[in-house]
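Mind having a look at this structure? Questions to follow.
The values are calculated or read from the model by the stated rules, or taken from the named source; none is laboratory data. Note that the structure is predicted; figures quoted are calculated from it, not measured. Every residue, glycine as well, gets a Cβ built from its backbone with ideal geometry; the counts of neighbours run over all protein chains shown.
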Amino acid sequence: MSAGSGSRNTNTEPWGSFDDNLIQGGGSAVIDMENTDDTSGSSFEDMGEMHQRMKEEEEVAAEAAATEDDDGEFLGMKGLKGQLGRQVADEVWQAGKRQASRAFNLYANIDILRPYFDVEPVQVRSRLIESLIPARMINFPQKIAGELYGPLMLVFTLVAILLHGMKTSGTVIREGTLMGTAIGTCFGYWLCVSSFIYFLSYLVNAQITMLQTLSLLGYGLFGHCVVLLVTYNIHFHFLFYVLWLVIGGLSTLRMVTAILSRTVGQTPRLLLCGTLSVLHMLFLLYLHFAYHRIVEGLLDSLEGPNLSPIQRVARDVPEVMLNTTMRSLGNMAKTR
Amino acid sequence: MAAADESSRPFAGLSDVSISGDIPVEGDISVPVGPSRRDDEFSTLDEPVKETILRDLRAVGNKFIHVLYPKRSSALLRDWDLWGPLLLCVTLALLLQGGAAKGDDQSGPQFAEVFVIIWFGSIIITLNSKLLGGTISFFQSLCVLGYCIMPLTVAMATCRIVLLVPNSLVSFVVRLVVVTASFGWSTFASTAFLADSQPPNRKALVVYPVFLFYFVIAWMILTFTPTQ
């Protein structure tokens, strides 16, 4: 594959092009992933270069067809053009197909994820329960499972629970959809916070890989799922705060001890664990209150005439749950 | 048909044929295995459109019956098609439209929501089962998951009829029972087809996302209230 593509060295830029990287990346998928950082096929330079190359291939093919057209003569001038056209189209099709199959093999190669899904149901169950049990050992690096099945399923479960919460609280989303918001929130939290924690641990030289942060944070969402499942159905603030502290705290402690056991130095430990615990606990707080009935009137009055994309509409809230300040704010919202 | 004769006796007839240079020779020379397929192509090209459509409809109907009585047969898997899932998805999305909302702009996203949920959910479940070591192919899995939405679509139609009656508690109980039953049926039907393609100790890992998927759809059906 490399040899064949290497012969088509039609780059015109004086500084050379990304051609070499693309050719080298024709091997296994692991090498390809490294090169995609440099040559993401959607950059303008690459697209322009591809078009340039295809156009030049067309011209070359047209010239070649024009020079050897004896057998087309009997079909007349129309036949000649038709043959030329066919050949050109053929060349363009081949070039396009080659590019597409290369891109497909690069991006759609799911086999690189296969080892991370190699789990048994018993293992998943035990990891789910262990995510709520902090380990005492912080002087020796704790073993963190590097799998993605459990975290992925937990994120989807959280999406389902969030949908349920949004529906029961009657949230109205003006621009966007309920499903889009739920998926965006959950996946965004999981991916962004994992990357951020990995970045921080890279800065302070902690012994943890990206896969492990993804896995750790994913399993940490188990506590969130349990708390939200209970409190979206039983609306007691006191119960929520107790569960937030107990279950949220336990899962945070588990993640914190795992990271502590892999970090050296007081300040790095403080930085990493502080960030993680703050983000984790605040996320649970946000998930509970963002889709709760009482806050809707408050938000409506705060935001005023500028409608945000997630607009919450004031509802009729039973009076017994409001104190005087909230009631006045609610009245302000109603009269608007 | 001359080409067919040629292929049965390769090159035998060419020795005494002289072709002048200005007569174009047309046609394909096919290998012996080829002719039967070419006959099939010609026959389906020449048949009336009604027959083609009826054949596809019969195949789709046959698969519906297999979903209704989920036995461990491979008919759904062998000739997969995506007509049935598309039909069911569009029907379900249309039925779920016009749901209760404070503003009118909720009805637009709902069709797209359902469509996206069904197709992306199916794709993710398929990817998951492939990553877990399943032997089923991508489109076969999509086909099975799509066809098994049928009980939920029937439940949605029933719910819409039940919602015409203004009594709230009885209608809610009836809808709950119907939706729960159809959700169980869908999950059972799809696992009857999908779980066989997995290693035996990992069936639960594949069944859970399917359960979640149909649960979300069942939840959307149950919480549907039409605009007043």
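Considering A:Val193, A:Val204, A:Val172, which residue is aliphatic (A, V, I, L, M), in the same structural domain as A:Leu276 (by the TED database) and modelled with pLDDT under 90?
After applying the criteria, what remains is A:Val172.
Residue-by-condition table, conditions (1) in contact (Cβ under 8 Å) with a residue 40 or more places away in the chain; (2) within 19 Å of B:Leu88 (Cβ to Cβ); (3) within 14 Å of another protein chain (Cβ to nearest Cβ):
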site	(1), (2), (3)
B:Arg175	yes, no, no
B:Ala181	no, yes, no
B:Gly184	no, yes, no
B:Ala192	yes, yes, no
B:Ala195	no, no, yes
B:Pro199	yes, no, yes
B:Tyr208	no, no, yes
B:Phe215	no, yes, yes
B:Phe224	yes, yes, yes
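Oh, and also: Among the numbered conditions (1) more than 30 Å from A:Phe140 (Cα to Cα); (2) not in a helix (DSSP H, G or I), tell me where A:Asn205 comes up short.
Condition (1) is where A:Asn205 drops out.
Can you name the residue in region A:123-163 that is exposed (fewer than 13 other Cβ atoms within 10 Å of the Cβ) and modelled with pLDDT of 90 or more and, of all such residues, is farthest from the other protein chains (Cβ to nearest Cβ)?
A:Ile133
Which of the residues spanning region B:63-78 are at pLDDT 75 or above and over 13 Å from B:Met150 (Cβ atoms)?
B:Arg78
Right, A:Arg114: part of a helix (DSSP H, G or I), modelled with pLDDT of 90 or more, closer than 20 Å to A:Thr209 by Cα and not assigned by the TED database to the domain that holds A:Tyr286 or not?
no
Now a separate question. If you go through region A:278-294 one residue at a time, do you hit one that is under 16 Å from A:Asn139 (Cα atoms) and in a helix (DSSP H, G or I)?
No - not one qualifying residue is present in region A:278-294.
List every residue pair whose Cβ atoms sit under 6 Å apart, with the two residues 6 or more apart in sequence or on different chains, where the first one lies in region B:144-169 and is farther than 20 Å from B:Val206 by Cβ and the second, anywhere, is of a type in the set (Lys, Arg).
Close Cβ pairs (under 6 Å, with a partner that is of a type in the set (Lys, Arg)) amount to B:Cys159/B:Arg175; B:Val162/B:Arg175.
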